[in-house]
1. Quick check on my filter: what residues within the range 162-186 are among the hydrophobic types (A, V, I, L, M, F, W, C), over 22 Å from the mean Cα position of the chain (by Cα) and either within 12 Å of THR208 (Cα to Cα) or open to solvent by less than 30 Å² (accessible area, probe 1.4 Å) (or both)?
2. What do you reckon, is ALA135 touching a Ser or Thr at 6+ places or on another chain (Cβ under 6 Å) and at negative phi?
3. Within 12 Å of the chain's Cα centre (by Cα), small (Gly, Ala, Ser) and open to solvent by less than 10 Å² (accessible area, probe 1.4 Å), is that true of GLY126?
4. Considering every residue within the range 146-155, establish whether at least one is open to solvent by 40 Å² or more (accessible area, probe 1.4 Å) and in contact with a Pro (Cβ under 8 Å, 6 or more places away or on another chain).
5. Please pick out the residue among GLY133, GLY161, GLY141 that is at pLDDT 95 or above and over 27 Å from ARG92 (Cβ atoms).
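The values are calculated or read from the model by the stated rules, or taken from the named source; none is laboratory data. Because the structure is predicted, anything quoted here is derived from the model rather than measured. Every residue, glycine as well, gets a Cβ built from its backbone with ideal geometry; the counts of neighbours run over all protein chains shown. Heavy atoms of the whole protein, side chains included, go into the accessibility calculation; ligands, DNA and RNA do not. Shrake-Rupley method; radii C 1.70, N 1.55, O 1.52, S 1.80 Å.
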Amino acid sequence: LEIQAFVFFFAWVCGLGAGVATGGSRTLAPQLGRRGSRAITTLVCVTLAATSVLSLWAFSDRASARAIQTLDDAAFQASFDDGADLSGSSVRLASIGLRALRLAEPDAALAREALRLALQSEPRDGVLEARYGLAILADEGFLSPEATAAFVRSYQIMPYGARSFALWRLDLMEALWPSLPPAVQEAALREARVYGRSQRLEQLMASTGE
């Protein structure tokens, strides 16, 4: 029903656009004549049609991402265990990665690969970088240089995240605190001060500095 309504809406927009283009071209440029008016109308219709197709694709892709999150473990593993369906936008790939980490027995390798591919499509995303760092950590079992680099990039791209993400990231940084490089510790502390979460990190900072 949502997709049908979406298509109907854009069909209506295309019709409206064609009507406006026809009327506008005859009013603003009458010298173009009927042939010129048709050319302008065709151009507007093609542009609106392309926009509607792209919008419908984005809508379907986000719907697919939401559906992945609702799959039970068995259905998810049947679809993605072999990594055969690691395709789509960064939104869909990130959804696969996050769902893989929420399995009863997390598939960290799948999560790592899905989030790596998501970052190829969206390389300047601080949220994805942090999730990718977590996936590497889960896959390798320790804070490797690659995971650390992902956390560094996360703070470089997004020094202050939206509240829900920021609190999640701060919890993760607190758990990893002794192993974090000073640059990440300082970035986390700055973010924690914004959200009133600095006391614990300041204590950790003081203890590691002794």
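1. As a first pass, look at the range 162-186 and keep what is among the hydrophobic types (A, V, I, L, M, F, W, C): 162, 165-168, 170, 172-173, 175-177, 180, 183-184.
With over 22 Å from the mean Cα position of the chain (by Cα) added as a condition, the list becomes 175-177, 180, 183-184.
Selection gives LEU176, TRP177, LEU180, VAL184.
2. Working: touching a Ser or Thr at 6+ places or on another chain (Cβ under 6 Å): no; at negative phi: yes.
Considered against the rule, which asks whether it is touching a Ser or Thr at 6+ places or on another chain (Cβ under 6 Å) and at negative phi, ALA135 comes out as no.
3. On the way: within 12 Å of the chain's Cα centre (by Cα): yes; small (Gly, Ala, Ser): yes; open to solvent by less than 10 Å² (accessible area, probe 1.4 Å): yes.
Yes.
4. Going residue by residue through the range 146-155, those that are open to solvent by 40 Å² or more (accessible area, probe 1.4 Å) are 146, 152-153.
Checking which are in contact with a Pro (Cβ under 8 Å, 6 or more places away or on another chain) leaves us with 152.
There is at least one residue in the range 146-155 that is open to solvent by 40 Å² or more (accessible area, probe 1.4 Å) and in contact with a Pro (Cβ under 8 Å, 6 or more places away or on another chain).
5. Working: GLY133 fails: over 27 Å from ARG92 (Cβ atoms); GLY161 fails: over 27 Å from ARG92 (Cβ atoms).
Being at pLDDT 95 or above and over 27 Å from ARG92 (Cβ atoms) holds for just one of GLY133, GLY161, GLY141, which is GLY141.
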